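Take a look at the structure below.
The values are calculated or read from the model by the stated rules, or taken from the named source; none is laboratory data. Note that the structure is a prediction, hence the values are computed from the model and not measured. In this analysis, Cβ positions are derived from the backbone assuming ideal geometry, glycine residues included, and neighbour counts consider all displayed protein chains. Just the protein is used for accessible areas: all its heavy atoms, side chains included, with ligands, DNA and RNA removed. Shrake-Rupley method; radii C 1.70, N 1.55, O 1.52, S 1.80 Å.
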Amino acid sequence: MRITFVLPAPIRIPMGGAKVVYTHAAGLVARGHEVVVACPSQLGGGLKGRMLSWAMHLRDRAHNVDISPYYRASGVETVIVPTITDRFVPDAEVVIATGVQTAPWVRDLGSGKGTKAYFLQHVETFIDPTTVDTWHYPLEKIAIAEWIKVRVEEEGASVVGVVPNAVDPRDYFIANPISDRPARIIALYHRHKIKGPDVLIAALIKLKLGVPELEADVFCARRPSHRLPSWVIVHVRPSVEKLRDLYNQAAVVWSTSRSEGWGLVTMEGAACGCAVVASATEGIKEYLSDPESARLVPVGDPEALAEATRAVLENSEERTRLAHAGHSVVGKYTWADSTAELERILKG
């Protein structure tokens, strides 16, 4: 089967949604399919699109971002085309929109480009307030989480299946005993308000007051635009190997987001033996809803996040138990199972 995934732009920095797409693409190739990832060279058409693309180019240069694609997968071809139109998109049996920006492009493709699908990784109203309208396009919708499926169906649209995310155990695993870890936090920093950078900073400051020996690492795709405490170590685009090492040095992994489609960071951290303390977004609750496997606090509440983390750090036995429980939960999700389910849906 020939399959085309459509991304909104060339991906040159770490991005969870793109990582998921490329992981499935590689898995589908391993199952004997031909897979292409197509993305337009500029962000939209006309003068506005050219100006936005040029602004992104300048920002990438300022942040030392490589112009080559960030993600690569064995056997998967990435094609950068002028526009996502019939002229440039290859013929296939299935063509898949991967986000709200790409849904109208895929909708407007001709039948020769394949059966049209829509891979929903979030409720993307924070990107585009008309997101709900795209759920009613004549595209076969596939969600990464049950909560997204429920939300779509509440709006009167249908979802043909759910394909959960996972963690590759070859990339993220326990390399440092859980019980030996110091009072150290690891978290993702992202400047977008939806990711809660203000919550992250406020919680770090609050927790440091109660736990003076606290250490912290944050990682990010671009240098922070917020001022982080001077004692926090910032890692820009760490390799998988470096990120695994950071997770293994940490006692607790945070998610400070106001909304998550799934929550890959807490999943990766848990796979490496971190206890999870996180904002109770739907994407985290999708797989860590049991209070025995994570400590979830109200969304947007840095005081609650700091207090829950302090309690976990001060009780080594409880932290260790929580970390083992979270590790067990995330170990139940595999990319092999998820890609096999995606393949089953696409064949249908």
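Key figures for this structure:
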{"read-out": "Out of 278, 304, sole residue that is hydrophobic (A, V, I, L, M, F, W, C) and either in contact with a helix residue (DSSP H, G or I) (Cβ under 8 Å, 6 or more places away or on another chain) or under 22 Å from residue 246 (Cβ atoms) (or both)", "value": "278"}
{"read-out": "Close pairs (7 angstrom Cβ cut-off, 6 or more residues apart or separate chains): of a type in the set (S, T, N, Q) in region 82-108, part of a helix (DSSP H, G or I) and surrounded by 15 or more Cβ atoms within 10 Å (Cβ to Cβ) anywhere", "value": "98/17; 98/21"}
{"read-out": "Number of the condition not met by residue 234 [criteria: (1) touching a residue at least 24 places away in the same chain (Cβ under 8 Å); (2) open to solvent by 50 Å² or more (accessible area, probe 1.4 Å); (3) not in a strand (DSSP E or B)]", "value": "(3)"}
{"read-out": "Test: residue in region 215-225 that is among the aliphatic types (A, V, I, L, M) and under 26 Å from residue 317 (Cβ atoms)", "value": "yes"}
{"read-out": "Single match in 182, 169 (criterion: under 15 Å from residue 253 (Cβ atoms) and exposed (fewer than 15 other Cβ atoms within 10 Å of the Cβ))", "value": "182"}
{"read-out": "Test set (1) open to solvent by 30 Å² or more (accessible area, probe 1.4 Å); (2) in a helix (DSSP H, G or I) - residue 266 fails condition number", "value": "(1)"}
{"read-out": "Search result, residues across region 121-148 that are assigned to a loop (DSSP other than H, G, I, E, B), of a type outside the set (Asp, Glu) and either under 22 Å from the mean Cα position of the chain (by Cα) or exposed (fewer than 15 other Cβ atoms within 10 Å of the Cβ) (or both)", "value": "121, 122, 123, 127, 129, 130, 135, 136, 138, 144, 145"}
{"read-out": "Any hit, region 209-230, residues being acidic (Asp, Glu), open to solvent by 70 Å² or more (accessible area, probe 1.4 Å) and either in a loop (DSSP other than H, G, I, E, B) or modelled with pLDDT of 95 or more (or both)", "value": "yes"}
{"read-out": "From 290, 301, residue being farther than 19 Å from residue 218 by Cα and not basic (Lys, Arg)", "value": "290"}
{"read-out": "Which numbered condition residue 254 misses (of (1) in contact (Cβ under 8 Å) with a residue 24 or more places away in the chain; (2) surrounded by fewer than 24 Cβ atoms within 10 Å (Cβ to Cβ))", "value": "(2)"}
{"read-out": "Number of the exception - residue 84 against (1) closer than 28 Å to residue 138 by Cβ; (2) modelled with pLDDT under 95", "value": "(2)"}
{"read-out": "Only listed residue being within 24 Å of residue 210 (Cβ to Cβ) and not basic (Lys, Arg), chosen from 271, 294", "value": "294"}
{"read-out": "Residues satisfying the stated conditions in region 91-117, i.e. under 19 Å from residue 347 (Cα atoms) and assigned to a loop (DSSP other than H, G, I, E, B)", "value": "91, 92, 93, 98, 114"}
{"read-out": "Checking residue 151 against (1) farther than 14 Å from residue 5 by Cβ; (2) in contact with an Asp or Glu (Cβ under 9 Å, 6 or more places away or on another chain); (3) open to solvent by 50 Å² or more (accessible area, probe 1.4 Å); (4) assigned to a loop (DSSP other than H, G, I, E, B), the condition it does not meet", "value": "(4)"}
{"read-out": "Candidates 317, 341 - the one that is without any contact (Cβ under 8 Å) to a residue 12 or more places away in the chain, surrounded by fewer than 24 Cβ atoms within 10 Å (Cβ to Cβ) and outside any strand (DSSP E or B)", "value": "317"}
{"read-out": "Every residue from region 185-208 that is part of a loop (DSSP other than H, G, I, E, B) and open to solvent by less than 10 Å² (accessible area, probe 1.4 Å)", "value": "189, 196"}
